[in-house]
Amino acid sequence: MAEIVRARGVEKVYRNGSEVAALKGIDLDISAGELVAVMGPSGSGKTTLLNCLSGLEAVDHGEVLVAGQNLAALKDSQRTEYRAKNMGFVFQSFNLLPVLSAAENVELPLLLAGVRWPAPSCTARRSYGRTSPPATSTPSPPRRSWR
């Protein structure tokens, strides 16, 4: 399969009075369709790695390529736009808006990304249907298990 993520020599250091090397020389290849679990004890750099791989945080050294795009070469606003149009995130706590239905929670990022056609509501419901059992309605997130 084609490589979707490639990281070479990735390093990230946090400086806040003292230096903490969160990532040291990380090399990683992820193929399209590959399932990857990032596991480790608290403070081992899992969140930092994911933030750097997605462009949420800039790396101090090395390069991160996502679908061939070097995220380090983009300005912050360009990385934000790239994420909005090309990436999806599933957070451990899901970060869903409880006042919206599950399908509306899927639709919201599409609207923010400027998706016009097919209609975000249709795209959201199609996506929601692929990940959830069929239902006559789309309950709010607390009443539906997404696991």
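The values are calculated or read from the model by the stated rules, or taken from the named source; none is laboratory data. The structure presented is a predicted model; accordingly, all values stated were derived computationally and were not measured. Cβ placement follows ideal geometry from the backbone for every residue including glycine, while neighbour counts extend to all protein chains displayed. What goes into the accessible areas is simple: the full protein's heavy atoms, side chains included, and nothing from ligands, DNA or RNA. Shrake-Rupley method; radii C 1.70, N 1.55, O 1.52, S 1.80 Å.
Details
- For trypsin sites (Lys or Arg not before Pro), the sites in the stretch 1-99 that DSSP calls loop and that have at most 10 other Cβ atoms within 10 Å are Lys75.
- Cut-off 9 Å between beta-carbons: net charge of the residues surrounding Ser54, Lys and Arg +1, Asp and Glu -1: +1
- Taking the 1.4 Å solvent-accessible surface of the stretch 1-54 as the whole, the part contributed by carbon and sulfur is 54%.
- FRET efficiency estimate (nearest 0.05) - Cβ-Cβ, Leu111 to Ser77, R0 22 angstrom: 0.70
- For GluC sites (Glu not before Pro), the sites in the stretch 26-83 that DSSP calls loop and that have at most 13 other Cβ atoms within 10 Å are Glu34.
- Candidates Tyr14, Gly33, Ala2 compared by Cα position along the dipole of the stretch 1-40: farthest toward the positive end lies Tyr14, with charges placed on Cβ.
- For the stretch 1-119, a crude dipole built from +1 on the beta carbon of Lys and Arg and -1 on the beta carbon of Asp and Glu, taken about the Cα centre, is about 140 debye to the nearest 20.
- Phi to ³J(HN,Hα) by Karplus 6.51 cos²θ - 1.76 cosθ + 1.60 over the stretch 29-41, Hz, x for Gly, Pro: 10, 10, 8, 4, x, 6, 9, 10, 10, 9, 10, x, x
- Computed from backbone phi, the HN-Hα couplings of the stretch 99-110 come to 7, 9, 6, 4, 5, 5, 5, 6, 5, 3, x, 5 Hz, rounded to whole numbers (Karplus: 6.51 cos²θ - 1.76 cosθ + 1.60, θ = phi - 60°; Gly and Pro given as x).
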